[in-house]
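Take a look at the structure set out below.
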Amino acid sequence: AERAGLPTGMDIVIGTIIVLMVLEACRQAFGLIVPAIAAGLMLYALLSSYLPPPFFHTPISYAKVISWSAIAFRGIYGMFLNISATYIILFILFGGLLQATGVSQSFMELGKAVGKKMRSGPGQTAVISSGLVGMVMGAGVANVAFTGPITIPIMKKAGYSPNQAGAVEAAASAGGQIMPPIMASAAFLMAGLLGITYGKIIAFAAIPGIIYFLSVGWAVHLMALRRGISAGVGKDEKIDYGMVWRRFPIFGVPLGIVIVLLAMDYSATLAAFCAVIAILVLSSLRKETRLTWTRLVDGFRKGCVGASGLAMAIATIGVVSSMISLTGVGVEVAFSVEHWSMGIPFIAVFVCMWVTILLGCGMPVPAAYALVAIVVAPVLIRMGLGDIETHFFILYFAAFSTLSPPVASAALMGATIAGGSYFRTAVEGMKVAATAFLIPWLILWNPNIIGRFTGFWTGLSSVAAAVICIFVLQTGLFGQFLLRLGPLERIVFMVCSALFIAFIVTQKGLLFFVGMAFFAAILLEQILKVKMRQARTIIAPPLSHVRKGESPS
């Protein structure tokens, strides 16, 4: 690094070997797409002087390409790998140790306990347990594979179709990637790119994450009503309440320590370290959760394997970032986005959305987020959009690319476990998680949604409108409320959601009150229909009670 500008021949040889090893390790961990982009940009840097405009660039030597990639404190050894080695590995170890204690099983029992009290109980079991597991696992497909074999059979037994069961599990597991504290390990990269603390990032993520899971829970409830599911988990489904009381504190206390320390502006490193110590202490209090040497080593092994694979992807993104800076590709892409969008922010954001979804189909979430954040985010910020809001927008679409075509990897895993159709599971998953593709837009146009309140009442009304909006939107999509909705009623619900969206964007109070009026009208209409149906049931006795030959009247 001391000779970064004047590398020797041996430096170049060693640097080349390091680059090749990192690219190959990334390929083995996450496939070909990320290393192919890095290799393509390195090749472009070497050959750009032979290309016609606008691809032409002044000659760049092989020594300079390797120096920027693997010798100086940039590229592989740049900011991204430093974040991975300093913060990400500690939180991934945190998740690995939690799994080694068996605390994840208490998430399942807690989900079943809550679900047993509700009509849509089996589906809520998946939402709660997968959401909690996702908070410490931070990987959508792995989450489906971990919780799906337990939650999906429960849903199918209760009356959900295989496609619906797989979709609910996929939607809940994907949501775990946007929930603190792990947030698919992308929160640390976001903090580094924005130059703010990790604690602020997870604080901003809390409100939209809760809104998302409320929407998924409501969608699951509507699905149960539409299919006529009347029971909760079921009388034959045993719930180990003792396990919840014994094991859940091993998760809750360390999580509380992380939140408190970050709120007090202590470093994320200290917070993660204290959380790990808390896990070791609390798990040792009971024999069933005590970490034997075998379980302790296995927990660290799982954490290190996950962290090392992710570190290789992040190091490869470091190479991509350095090549973008060296060749000026970022400037060219930014100019192209501004040109194609004609300077209209909405079009530029729409392009950004699809680029993020497509990259997210073949990359881990942190890599897809970082790549788009490096190249496209500066353009959107120059157009006047908020920096934090823009980065959250990108992160959300990177995370939920696991639900959306053309790949929908979380839906594929859910369909495989449930024995359903991949395509139909993906479609159902998009319906259940519809608000996942709306919330990022709301964040972008209204910072109150992530807790950056511009005023108490403004912030409160914006969050309230967002919650009501996702409820009426899901109701319209599923065509179910207190009773099944007719076409006109569904249109009214969709119009109502559009009014709340318009209020969130424009902050014009009239839109909020008109939306509430529409909602109140349709609610009253549904209540009257229920009352009339109950009255008819009381007046007219069941036909089975009428003797043969007698008139029902």
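All of the numbers you see were taken from the coordinates with simple rules; none came from a lab. These numbers were taken from a predicted model, which means no experiment stands behind them. Cβ placement follows ideal geometry from the backbone for every residue including glycine, while neighbour counts extend to all protein chains displayed.
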So, how do all the Cα-to-Cα distances of the range 55-176 break down into 10 Å bins, in percent, from 0 on up?
-> 13, 32, 19, 13, 12, 8, 2
Kindly state, to the nearest 0.05, the FRET efficiency for CYS274 paired with SER325, given R0 = 41 Å and r defined as their beta-carbon distance.
-> 0.65
Residues of the range 302-328 with amide N under 17 Å of a point placed 7 Å along Cα→Cβ from MET79 = 314-328
What is the mean projected area of the alpha carbon convex hull for the chain, to one decimal in square nanometres?
-> 31.0
Per q in 0.17, 0.22 1/Å, what log10 I(q)/I(0) does a Debye calculation on the alpha-carbon atoms of the range 9-73 return?
-> -0.65, -0.94
In Å and from the alpha-carbon atoms only, list the Rg and Dmax of the range 264-342.
-> 21.8, 65
How big is the range 37-88 by the Kirkwood estimate over distinct Cα pairs, in Å?
-> 12.2
Per-selection metrics, the range 64-118 (Cα): Rg and Dmax in Å | 20.4, 64
LYS238: which lysines have alpha carbons under 20 Å from its alpha carbon, excluding same-chain residues fewer than 8 sequence positions away?
-> LYS112, LYS116, LYS117, LYS156, LYS157
For the range 246-302, what class follows from the C-alpha gyration tensor (a ≥ b ≥ c being the square roots of its eigenvalues): rounded when a/c is under 1.5, otherwise prolate if a/b is larger than b/c, else oblate?
-> oblate
Mean shadow area of the range 453-539, taken as a quarter of the surface of its Cα convex hull (nm²) | 6.0
Between LEU20 and GLN105, how many nm apart are label points set 7 Å from Cα along the C-beta direction?
-> 4.8
Can you tell me how much longer the chain between ALA464 and ASP240 gets when fully stretched, taken as 0.36 nm per residue apart minus their C-alpha distance, in nm with one decimal?
-> 77.0 nm
For GLN480, the residues 5 or more places away or on another chain with a placed amide H closer than 5 Å to its own amide H are LEU485
Please sort through the DSSP H helices of the chain and keep those with an alpha-carbon extent of at least 27 Å along the long axis and a Kyte-Doolittle average not below 0.0.
-> 9-30, 198-227, 241-263, 293-327, 456-478, 487-506, 509-539
Fewest-first ordering of ILE66, ILE12 by Cβ atoms within 10 Å yields ILE12, ILE66
Over the range 306-361, what per residue volume does the convex hull of the Cα atoms give, in whole Å³?
-> 85
VAL427 to MET516: extension gain in nm, 0.36 nm per residue of separation minus the Cα-Cα distance?
-> 29.1 nm
The range 146-305 shape via C-alpha gyration tensor axes, a/c threshold 1.5 | oblate
Obtain the radius of gyration and the Kirkwood radius of the range 162-254 from its C-alpha atoms and give Rg over Rh.
-> 1.08
Multiply the residue separation of PHE453 and VAL260 by 0.36 nm, subtract the distance between their alpha-carbon atoms, and state the gained length in nm to one decimal.
-> 67.4 nm
Ratio of Rg to Rh for the range 339-483, alpha carbon only, Kirkwood?
-> 1.01
Mind giving me the nanometre distance, one decimal, between the label points for SER267 and ARG286, set 7 Å out from Cα along Cα→Cβ?
-> 3.4
Magnitude of the Cβ-charge dipole (Lys and Arg +1, Asp and Glu -1) of the chain about the Cα centre, nearest 20 debye, reported as 2020
Roughly how many nanometres apart are two label points built 7 Å out from the Cα toward the Cβ at SER49 and ALA63?
-> 1.3
